[in-house]
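Here is the structure we will look at, set down as C-alpha cells.
The values are calculated or read from the model by the stated rules, or taken from the named source; none is laboratory data. These numbers come from a predicted model, not from an experiment. All Cβ positions, even for glycine, are placed from backbone atoms using ideal geometry, and neighbour counts span all protein chains on display. Only protein heavy atoms, including side chains, enter the accessible area calculation; ligands, DNA and RNA are left aside. Shrake-Rupley method; radii C 1.70, N 1.55, O 1.52, S 1.80 Å.
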Amino acid sequence: MDHFGALGAFVQAAQTRSFTEAGRRIGVSSSAVSKAVARLEEELGVRLFHRSTRAITLTSEGSVFLERCHRIFAEYEVAKREITEAAGKPQGKLRLGLPQLGMRLMPHLIAFQQAYPDVELELEFSDRLVNVIEEGFDAVMRIGEVEDSRLTMRKLNGYSHRLVASPDYLATRGTPARPSDLAGHSCLRYRYPTSGKLDPWPLLTKKGQDSYEPGQSATANAIEPLMAMAEAGLGIACLPDFFVEDAIADGRLIPLLDRYMSDHRTFSILWPSSRHPLPKIKAFVSFMTERLA
C-alpha cells in the first residue's frame, strides 16, 4: 500500500474504529490496514490508536493527525475538480473585481455572459486595492501598472482624461485658453474613496509640470456625479475620455485645453498565475482582450 493509500486506510480505521471494517471499505484485508497504520506510527514516532481486543480508539496525537488528513483529502478533491473543470467548458461562478469606472464596461460584461451562459458573474466594484488571491477573486481589472509575481497580467486599451464643460457654462463664464485661466472657474474634482486625496488634473503648465491642482467648487468619489454636474452647467470636470465621448459628439459637453492634456492610463486584467487556468478565466480574458485590446 502506497503512502497516500496508508493515509486513506488510517482515516477509514479512525472513522469505523475497526481495522476489519476499514479493510472491507477500501477492499483490502484487516492485516493490510493494520500494517499500514503501524508503518505510519513508526514513521511519525507516535501511537495513533489505542488497541484492545474489542475496538480501537484514537490517541490525542491520532486525533490531530486525523484532522490534518481530512484537510489533505479535501485539498485533493478540490484539485481533482479544478483539473476536471480545466478540461471542460467555461462554467461556474466567476468572481471579478473592477474599479468604479468599470461600470462603463457593462456592455462588454453583458455580452460575455450572453456568450457564456453557464458562467455566473459575481461583480465587485471598488477602487480599493483588493488582494486577488487571498480574497478569492478569479480575476480583476485594474488601472495602472501592477507588479505581483503571483499574478498574470494582460494589458488592454488604456484611456486618457479630457476637460469638459457644458455650452451654457462656457457661455456664462467664458472659455479658458490656458491652464492658468482655470483659477477663475468652478472646478469639479474627483476624490479617491480609499485615500481621500483629490486626483490632480494632468495638464502641462509653463513650468513643465504635468499635473495641476485647481481649486474646487464640488468633489465626488465617483465619476457619474461629476459628469451630471458638468452637463448641468455647474463647472468644468476632468473625466475619462470614454465617459464623455458620446456627450461631446452630441454637443452636451465641450472639450477644453486638449493640447495641454498629458496623461495616458493603463487598463489591465490580472488573474492568479497557473499553468492551467480554468476555462472560465481563459474565456473571460480572451473575450475582453478581443473587445478591448
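Is at least one residue of region 142-153 in contact with a helix residue (DSSP H, G or I) (Cβ under 7 Å, 6 or more places away or on another chain) and over 26 Å from Leu256 (Cβ atoms)? Among the residues of region 142-153, not one is in contact with a helix residue (DSSP H, G or I) (Cβ under 7 Å, 6 or more places away or on another chain) and over 26 Å from Leu256 (Cβ atoms), which makes the answer no. Before we move on, is Tyr159 open to solvent by less than 30 Å² (accessible area, probe 1.4 Å) and within 17 Å of Leu98 (Cβ to Cβ)? Yes: the conditions hold for Tyr159. The set of residues in region 118-152 being among the hydrophobic types (A, V, I, L, M, F, W, C) and out of contact with any Lys or Arg (no Cβ under 7 Å at 6 or more places or on another chain) consists of Leu121, Leu123, Phe125, Leu129, Val130, Val132, Ala139, Val140, Met141, Val146, Leu151. Exactly one residue out of Glu67, Glu41, Glu21 is more than 16 Å from Gly5 (Cα to Cα) and among the charged types (D, E, K, R): that is Glu67.
The number of residues in region 221-262 that are in a helix (DSSP H, G or I), out of contact with any Phe, Trp or Tyr (no Cβ under 8 Å at 6 or more places or on another chain) and surrounded by fewer than 16 Cβ atoms within 10 Å (Cβ to Cβ) comes to 9.
All conditions but one from (1) open to solvent by 50 Å² or more (accessible area, probe 1.4 Å); (2) within 13 Å of Gly97 (Cα to Cα); (3) of a type outside the set (Phe, Trp, Tyr) apply to Asp138; the one that does not is (1).
Considering only residues that are surrounded by fewer than 14 Cβ atoms within 10 Å (Cβ to Cβ), over 14 Å from Ile281 (Cα atoms) and either assigned by the TED database to the domain that holds Gly196 or among the charged types (D, E, K, R) (or both), which ones fall in region 104-130? Of everything in region 104-130, just one residue is surrounded by fewer than 14 Cβ atoms within 10 Å (Cβ to Cβ), over 14 Å from Ile281 (Cα atoms) and either assigned by the TED database to the domain that holds Gly196 or among the charged types (D, E, K, R) (or both), namely Arg128.
Residue by residue, here is whether (1) of a type in the set (Phe, Trp, Tyr); (2) within 29 Å of the chain's Cα centre (by Cα) holds:
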{"residue": "Ile223", "(1), (2)": "no, yes"}
{"residue": "Glu245", "(1), (2)": "no, yes"}
{"residue": "Ile248", "(1), (2)": "no, no"}
{"residue": "Leu256", "(1), (2)": "no, no"}
{"residue": "Tyr260", "(1), (2)": "yes, no"}
{"residue": "Asp263", "(1), (2)": "no, yes"}
{"residue": "Ser268", "(1), (2)": "no, yes"}
{"residue": "Ser273", "(1), (2)": "no, yes"}
{"residue": "Leu278", "(1), (2)": "no, yes"}
